[in-house]
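Read the structure below first, then the notes.
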Number of protein chains: 2
Amino acid sequence: MDGAGRIEDVIATLQAEFKERCSVNADVRDRHGRGESWHPVAAPDMVVYPQTTEEVSRIVCLCADRGTPIIPFGAGTSLEGQVQAVRGGVCIDLSQMNAIVAVNHEDMDCVIQPGVMRADLNAQLRDTGLFFPIDPGAECTIGGMVATRASGTNAVRYGTMRENVLGLTVVLADGSVIKTGGRSRKSAAGYDLTRLMVGSEGTLGIVTEVTLKLHGIPEATAAAVVNFQSIDQAVETVIQVIQLGVPVARIELMDDVSVDAVNRYSDLGLSVAPTLFLEFHGSIAGVQEQAEMVEALTSENGGGAFEWSDKAEDRSKLWQARHNAYYAGLALKPDSIGLVTDVCVPISRLADCIRETKADLSQCSMPAPLLGHVGDGNFHVCFIMDKDAPDQIEEAEGLHQRMVKRALSMGGTCTGEHGIGLGKQELLEDEAGAAVSVMARIKQALDPDNILNPGKIFTSDSLT
Amino acid sequence: MDGAGRIEDVIATLQAEFKERCSVNADVRDRHGRGESWHPVAAPDMVVYPQTTEEVSRIVCLCADRGTPIIPFGAGTSLEGQVQAVRGGVCIDLSQMNAIVAVNHEDMDCVIQPGVMRADLNAQLRDTGLFFPIDPGAECTIGGMVATRASGTNAVRYGTMRENVLGLTVVLADGSVIKTGGRSRKSAAGYDLTRLMVGSEGTLGIVTEVTLKLHGIPEATAAAVVNFQSIDQAVETVIQVIQLGVPVARIELMDDVSVDAVNRYSDLGLSVAPTLFLEFHGSIAGVQEQAEMVEALTSENGGGAFEWSDKAEDRSKLWQARHNAYYAGLALKPDSIGLVTDVCVPISRLADCIRETKADLSQCSMPAPLLGHVGDGNFHVCFIMDKDAPDQIEEAEGLHQRMVKRALSMGGTCTGEHGIGLGKQELLEDEAGAAVSVMARIKQALDPDNILNPGKIFTSDSLT
């Protein structure tokens with residue numbers, strides 16, 4: 001059977017089994033062939049909606065038998081082309097696997113299916129006094145967050161998905177099912193397959209169940225914004241907060257362009273200036289102590305007065321605005337698309353890295369708000385490009401390449417949290433060098449026919 | 001060339017190059033063929049002491065060419081037979097690679113060679129205001145701690161080696177050198193090879209450089225011991241402390257047998273009763289707040305009064321005694337050897353697991369102190385056996401097997417921190433099931449000739 005014949009056969013078999021839980025509709029396929037950034041749509045041949053691990057396994061077995069590519073899909077919020085079906089094939093949409101299987105209140109963990117939305121998990125947890133802190137901002141699924149090793153605003157205090165996934169159920173490329181990790185807080189039992197799967201972007205297996213660490217909702221929470229005359233002052237404050245070991249829950253930077261964009265989009269009314277968004281978690285006394293330390297550092301660095309959000313709904317509005325910053329950026333121009341960079345550097349180099357980046361951006365022909373999870377040394381520039389303007393993509397990509405080379409020269413990484421996907425394969429080689437060949441050997445050992453999300457992470461050269 | 005001829009050839013080549021930095025002396029080989037537990041000595045054919053990554057690479061290339069096994073060696077403190085040269089070969093003793101390459105004070109990280117001793121690192125760091133918290137108790141090297149994914153008393157607050165290694169330099173089975181991870185606090189750049197190497201017990205590569213996360217020495221530190229009438233009361237207190245989210249730095253349990261042993265060995269004069277050893281880190285106010293919360297919970301559970309160690313030297317004596325608990329156990333009987341179990345369970349099951357274990361131990365014919373890092377749900381029973389008493393090994397191993405099956409039935413793991421080595425290969429299969437075959441495929445992809453620490457982690461069946 002040739003390629004076309006094989007995919008027709010897979011489609012027919014899946015239609016017979018999954019009936020209305022699969023689709024070849026062009027709109028549905030298109031919607032599953034893109035994330036939230038500029039990478040062109042690449043639609044899969046079919047989308048299927050399994051409800052159990054066993055169903056995922058059966059789909060994978062069928063595709064493995066026919067050599068058909070498989071692309072796992074959560075909510076389509078990735079930024080580096082992770083869900084694009086660049087070689088066609090079957091998209092496994094996990095949104096119907098959205099059960100919270102167990103909340104183990106006493107152990108502060110939970111077991112969930114990968115299609116659970118981050119926000120829904122926290123809504124369900126509210127009465128338990130627990131929460132899941134990792135918050136990349138997007139309306140994403142937990143499975144997608146596992147796949148990209150997501151982090152976001154709270155990572156400075158609570159870590160990333162790397163630190164907060166305890167175990168996984170994974171369907172491998174041959175359809176077999178394994179469990180990795182478990183519910184104990186630590187283990188030295190063999191290779192750390194959990195951490196290997198976290199961040200593997202669907203190229204090593206399909207995650208069908210996730211055990212997550214949860215955290216107690218703090219006794220007290222306080223959030224504030226504070227602005228500075230220069231971005232240097234803001235960054236210097238962040239560096240000192242981190243070096244002093246103040247356990248801030250969030251410490252987010254927005255440059256003046258970002259603040260202007262969120263003001264327009266979310267009606268915030270902030271002064272248009274470099275601004276830190278802060279949140280403190282702890283006991284009442286602990287929060288007060290942290291806030292006083294950060295206020296003192298802010299003042300020493302020439303920052304303004306803290307504007308506190310005392311009510312929960314004000315905090316919620318503030319963080320929603322922060323999370324919508326990317327959409328606020330896109331709204332600066334009609335019919336725009338975004339290219340979002342994602343470097344992360346050691347904190348001591350953050351001021352240099354941001355200063356040099358801002359200098360570069362002064363030459364940029366398009367809006368380019370800068371913002372980030374600066375407590376981790378992680379920041380983004382969102383290039384707001386006209387749709388169908390290859391020269392703007394070229395310009396943004398050029399500035400992006402310079403940002404990454406700068407970050408690498410400072411001991412940093414080409415991606416703090418968005419992953420490699422289609423967009424950073426060469427940059428991964430620049431960063432990891434010969435280690436990419438070790439990644440490739442692992443990929444080949446676990447997926448010898450390269451059916452799991454093919455074309456992602458690795459350049460075609462590095463997989464041969 | 002036959003096997004004997006090949007090893008003679010390797011020895012001659014290494015002697016020519018490394019001269020006095022290698023040895024075939026029987027005592028030296030014996031000392032490198034054992035850890036600190038009952039597993040019989042299995043001496044390597046030669047011990048070599050490289051000083052650079054390039055030297056390690058050359059040794060590995062030579063051994064790879066001849067199919068000679070390679071066993072990396074730190075300080076010989078492992079407990080599951082990780083350094084035994086069960087197939088002969090060349091032991092690479094990394095103790096001469098003990099340089100602290102860089103301390104990046106502003107970024108709170110450091111780069112070190114693997115032979116650096118944990119205690120020496122902290123001695124060197126003292127003036128920087130930083131420390132490396134992971135403390136398994138043994139006089140071990142950082143490289144050994146990487147290899148076994150070590151943790152110990154401080155892990156409840158600071159995490160294990162999994163959370164505190166930022167990057168590695170690794171010599172692979174073909175002698176090639178890779179760097180994994182880096183100095184940024186987070187990254188989503190490809191597969192997490194750092195976490196794959198951490199805990200791989202020398203079976204995937206030889207670690208020749210380690211980048212570690214450091215932490216600020218807390219403003220205030222306070223340590224205390226408190227005893228209870230029953231072990232149940234002590235464990236219940238621990239569970240409540242953890243569930244309340246009190247950020248204790250250490251919370252260690254010793255049963256009455258352990259306390260009696262450390263009293264004798266370290267002249268502590270504690271009441272012989274189930275006891276918690278506690279340490280609090282934070283600001284002055286924070287430590288006081290934590291201590292008050294734990295004292296209140298202790299009192300509710302019928303515990304006694306806190307006995308504080310106010311001076312640094314008293315704290316140091318207390319923790320040294322805790323760390324020497326294994327040797328204190330061994331000193332209970334002349335000419336004894338130890339079999340140390342290492343289960344870890346979700347905290348909600350800790351009381352059940354310890355209660356059932358203690359009931360089992362009441363039938364045991366030998367001293368069997370119980371102690372552990374209970375804040376993580378991790379505890380040990382040290383069976384103190386006569387040397388050359390196979391019936392005692394059999395009895396201890398029987399009780400050990402029952403402990404592990406109990407822990408697994410409670411969602412736990414067969415090893416919280418000691419690793420698999422020779423001692424737990426079947427137990428790993430019980431715990432991880434089909435996931436072991438994934439580990440084996442990774443091993444085969446990275447070390448196809450099985451020269452890196454062969455015979456460890458995997459049963460011979462699982463590697464074929």
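The values are calculated or read from the model by the stated rules, or taken from the named source; none is laboratory data. Since the model is a prediction, treat every value here as computed from it, not as a measurement. Don't worry about glycine lacking a Cβ; one is built from the backbone with ideal geometry, like all the others, and counts go over all protein chains shown.
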If you go through region A:162-180 one residue at a time, how many are more than 9 Å from every other protein chain (Cβ to nearest Cβ) and closer than 23 Å to A:HIS215 by Cα?
6
Of the residues in region A:169-183, those that are charged (D, E, K, R) and either crowded, with 20+ Cβ neighbours inside 10 Å or touching a Ser or Thr at 6+ places or on another chain (Cβ under 7 Å) (or both) come to A:LYS179, A:ARG183
Take the residues in region B:437-464 that are at the interface with chain A (Cβ under 7 Å from one of its Cβ atoms), of a type in the set (A, V, I, L, M) and part of a helix (DSSP H, G or I); name whichever of them is surrounded by the most Cβ atoms within 10 Å (Cβ to Cβ).
B:MET439
Within region B:72-83, does at least one residue satisfy the condition of being out of contact with any Pro (no Cβ under 6 Å at 6 or more places or on another chain), in the same structural domain as B:ILE11 (by TED's automatic domain parsing), outside any loop (DSSP other than H, G, I, E, B) and modelled with pLDDT of 95 or more?
yes
Failed condition for A:PRO369, given (1) touching a Ser or Thr at 6+ places or on another chain (Cβ under 8 Å); (2) modelled with pLDDT of 95 or more; (3) surrounded by fewer than 19 Cβ atoms within 10 Å (Cβ to Cβ):
(3)
Any residue in region A:152-173 that's among the basic types (Lys, Arg): show its pairings with residues that are modelled with pLDDT of 95 or more at Cβ separation under 6 Å, as long as the two are six or more apart or on different chains.
A:ARG157/A:ALA249; A:ARG162/A:ARG149; A:ARG162/A:VAL198
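Can you go through B:VAL170, B:VAL146 and tell me which one is in contact with a strand residue (DSSP E or B) (Cβ under 6 Å, 6 or more places away or on another chain) and part of a helix (DSSP H, G or I)?
On the way: B:VAL170 fails: part of a helix (DSSP H, G or I).
B:VAL146 is the lone residue from the list that is in contact with a strand residue (DSSP E or B) (Cβ under 6 Å, 6 or more places away or on another chain) and part of a helix (DSSP H, G or I).
Residue-wise test of (1) of a type outside the set (Ser, Thr, Tyr); (2) under 30 Å from A:VAL103 (Cα atoms); (3) out of contact with any His (no Cβ under 7 Å at 6 or more places or on another chain).
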site	(1), (2), (3)
B:SER309	no, no, yes
B:GLU313	yes, no, yes
B:ASN324	yes, no, yes
B:LEU332	yes, no, yes
B:ASP335	yes, no, yes
B:VAL345	yes, yes, yes
B:ASP352	yes, yes, yes
B:ASP360	yes, no, yes
B:LEU371	yes, yes, no
I'd like the residue in region B:435-464 that is hydroxyl-bearing (Ser, Thr, Tyr) and within 29 Å of B:ILE59 (Cβ to Cβ) and, out of all such residues, is farthest from the chain's Cα centre (by Cα).
B:THR464
Single residue of region B:418-434 satisfying the filter (more than 11 Å from A:GLY190 (Cα to Cα) and within 13 Å of chain A (Cβ to nearest Cβ)) that is nearest to the chain's Cα centre (by Cα):
B:GLY423
Read through the list (1) in contact (Cβ under 8 Å) with a residue 60 or more places away in the chain; (2) not assigned by TED's automatic domain parsing to the domain that holds B:TYR265, then give the number of the only condition that B:LEU399 fails.
(1)
The conditions are (1) within 14 Å of chain A (Cβ to nearest Cβ); (2) more than 19 Å from B:SER37 (Cα to Cα), and B:GLN82 fails exactly one of them. Which is it?
(2)
In region B:315-343, how many are out of contact with any strand residue (DSSP E or B) (no Cβ under 6 Å at 6 or more places or on another chain) and within 14 Å of another protein chain (Cβ to nearest Cβ)?
1
If we keep only residues of region A:142-161 that are buried (at least 24 other Cβ atoms within 10 Å of the Cβ) and on the phi > 0 side of the Ramachandran plot, then the residue nearest to the other protein chains (Cβ to nearest Cβ) is A:ARG149
How many of the residues in region A:445-464 are touching a residue at least 40 places away in the same chain (Cβ under 8 Å) and among the acidic types (Asp, Glu)?
2
Would you check if A:GLU139 is outside any strand (DSSP E or B), surrounded by fewer than 22 Cβ atoms within 10 Å (Cβ to Cβ) and at pLDDT 95 or above?
no
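With touching a strand residue (DSSP E or B) at 6+ places or on another chain (Cβ under 7 Å) and part of a helix (DSSP H, G or I) as the only criterion, which of A:THR211, A:THR194, A:THR221 stands out? Walk me through it before giving the result.
On the way: A:THR211 fails: part of a helix (DSSP H, G or I); A:THR221 fails: part of a helix (DSSP H, G or I).
It is A:THR194.
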Any residue in region A:269-295 that's within 11 Å of chain B (Cβ to nearest Cβ) and crowded, with 23+ Cβ neighbours inside 10 Å: show its pairings with residues that are of a type in the set (Asp, Glu) and part of a strand (DSSP E or B) at Cβ separation under 8 Å, as long as the two are six or more apart or on different chains.
none
How many residues are hydroxyl-bearing (Ser, Thr, Tyr), crowded, with 22+ Cβ neighbours inside 10 Å and not in a strand (DSSP E or B) when one looks only at region B:390-420?
1
Output for Cβ contacts, cut-off 7 Å, separation at least six or different chains, first residue over 16 Å from A:ARG402 (Cα atoms) and not assigned by TED's automatic domain parsing to the domain that holds A:ALA173 in region A:424-444, second of a type in the set (Asp, Glu) and surrounded by fewer than 21 Cβ atoms within 10 Å (Cβ to Cβ), reads A:VAL436/A:GLU429
Checking B:THR211 against (1) at pLDDT 95 or above; (2) within 11 Å of chain A (Cβ to nearest Cβ); (3) farther than 27 Å from B:VAL436 by Cα; (4) more than 22 Å from the chain's Cα centre (by Cα), the condition it does not meet:
(4)
Among helices (runs of 4 or more DSSP H) entirely inside region A:229-308, those with 1 or more residues being at pLDDT 95 or above and closer than 27 Å to B:GLU289 by Cα are A:231-243, A:284-300
Selection from region B:100-121 of residues more than 25 Å from A:ARG349 (Cα to Cα) and either within 14 Å of another protein chain (Cβ to nearest Cβ) or not hydrophobic (A, V, I, L, M, F, W, C) (or both) yields B:PRO114, B:GLY115, B:ARG118, B:ASP120
